[in-house]
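Participant: Below you will find the structure I want to go over with you.
The values are calculated or read from the model by the stated rules, or taken from the named source; none is laboratory data. Keep in mind the model is a prediction, meaning the values are calculated, not measured. Neighbour counts run over all protein chains shown; Cβ positions are idealised from the backbone, glycine included. Side chains included, ligands, DNA and RNA excluded: accessible areas come from the protein's heavy atoms. Shrake-Rupley method; radii C 1.70, N 1.55, O 1.52, S 1.80 Å.
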Amino acid sequence: MSDRAKQATGLAVDFGGTKIAAARLLRGEVVSQVQVGTEQGGDTDTQINAMCELLNQLGVTETDRIGVAVTGRVTASGIWQALNSTTLPNIGAVELSTILSRRFGRQVTVLNDATAGAIGEQVAGAGRGCNTMGFITVSTGIGGGFILDGKPLMSDSGLAGHVGFTTSRLAGGRCGSGRLHTIESIASGKAIARMAAEKGHGAHDAKTVYEAHLAGEKWASDLVGLSASAVAELCANLNAILDPELIVIGGSIGLAKGYVDLVAHYLRAEPEIFRVPVKPASLGVRGTFIGALWE
Ligand code: BMX
């Protein structure tokens with residue numbers, strides 16, 4: 001494991017649209033981990049209390065470093081906002097870094113979950129050795145994080161990296177971000193579940209749609225294929241913009257059996273110059289934890 005990853009010691013939280021996980025890390029390895037489902041409609045107090053409850057379950061010492069990765073944008077001053085308001089409808093502008101730092105009596109690092117995942121995969125995962133790489137999480141939403149010339153891409157407003165809100169030639173309708181025809185509205189776990197319901201398979205969530213796909217059910221394979229095709233289009237777009245060495249794909253859907261192979265399959269339909277190597281993330285949530293404790 002790289003020296004940078006070995007610095008990842010402390011308590012980390014991965015607050016995603018479907019679940020919240022927290023772990024104690026020691027030199028980049030998970031020593032203990034707890035998790036709970038995300039109450040998507042919860043207000044600021046509910047969400048912050050959920051994070052703190054998990055951290056307290058792990059036990060917070062006087063000297064523990066704490067890093068928190070969240071779905072949503074995080075400004076340079078640590079203000080948290082859900083960009084897709086259908087995922088977290090009550091997270092408008094939360095001074096998350098200030099609140100958590102006060103709560104724990106120390107500076108708590110807060111950053112976007114996909115940015116944290118990109119950092120983790122670059123220092124200790126599938127992106128090791130890469131100077132310029134992309135990370136796409138296909139999960140509740142579609143998240144993006146980038147390492148450019150060895151440094152994570154972060155902007156003052158926290159918007160940089162939000163590839164889920166770029167558009168896809170395959171998409172239609174309006175996204176929870178307010179934009180039309182976004183990749184998140186056609187390729188994410190929430191989109192897959194929504195489209196399954198629209199096809200009369202309302203009892204499914206993204207996980208069971210994927211299982212139906214693996215079991216050979218055509219309606220499910222059509223939805224998974226649409227998602228992978230849209231993500232392949234995104235990878236080709238990113239190649240034209242950043243020309244990364246690699247794009248690492250993570251997330252509950254991204255890491256599902258055969259998904260990255262499907263993305264690679266659809267990428268082969270692009271002209272050679274726009275194809276980019278894609279690999280599954282190798283660390284899963286540990287990569288996000290390492291990124292949350294990155295310094
Ligand atoms: C959305 C956006 C991103 C996030 C991505 C994946 C919200 C609430 N989140 O595009 O910040 O990185 O989803 O999030 O607007 P996850 O919930 O799937 O981990």
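Participant: Need the list of lysines near K257 for cross-linking: C-alpha distance under 22 angstrom, and skip anything on the same chain fewer than eight residues off.
Facilitator: K19, K190, K207, K218, K279
Participant: Keeping all protein chains in place, calculate the accessible area per residue for the chain (probe 1.4 angstrom), answer in Å².
Facilitator: Averaged over the residues of the chain, the accessible area is 42 Å².
Participant: So what's the back-of-envelope 222 nm ellipticity for the chain, counting only DSSP H runs of four-plus at -39500 (n - 2.57) apiece and dividing by all residues, rounded to 500?
Facilitator: Value at 222 nm, helices only: -10500 deg cm²/dmol.
Participant: Given that compact globular proteins tend to follow 2.2 N^0.38 Å, what is the ratio of the alpha-carbon Rg of segment 163-295 to that value?
Facilitator: Taking the Cα Rg and dividing by 2.2 N^0.38 Å, one obtains 1.06.
Participant: Oh, and also: Placing +1 at every Lys and Arg Cβ and -1 at every Asp and Glu Cβ, with all other atoms neutral, what dipole size does segment 21-158 have around its Cα centre, in debye to the nearest 20?
Facilitator: Here segment 21-158 has a charge dipole of around 320 debye.
Participant: Cut-off 13 Å, label point 7 angstrom out along Cα-to-Cβ of A269: give me the residues of segment 187-230 whose amide nitrogen falls inside.
Facilitator: 222-230
Participant: Moving to a separate point now. Dipole of the chain, Cα-centred, from +1 at each Lys and Arg C-beta and -1 at each Asp and Glu C-beta, to the nearest 20 debye?
Facilitator: I would put it at about 120 debye.
Participant: Please give the residues of segment 128-142, grouped as numeric ranges, whose backbone N is less than 18 Å from a label point set 7 Å along the Cα-to-Cβ vector of L242.
Facilitator: 128-139, 141-142
Participant: Placing +1 on the Cβ of each Lys and Arg and -1 on the Cβ of each Asp and Glu in segment 128-282, which of I241, M154, A230 has its Cα farthest towards the positive end of the resulting dipole?
Facilitator: A230
Participant: State to the nearest 20 debye the size of the charge dipole of segment 172-295 about its Cα centre, where the only charges are +1 on K and R beta carbons and -1 on D and E beta carbons.
Facilitator: Rounded to the nearest 20 debye, it is 300 debye.
Participant: Within the chain, what whole-number % of the accessible surface is contributed by carbon and sulfur, with the 1.4 Å probe and all protein chains included in the calculation?
Facilitator: 51 percent
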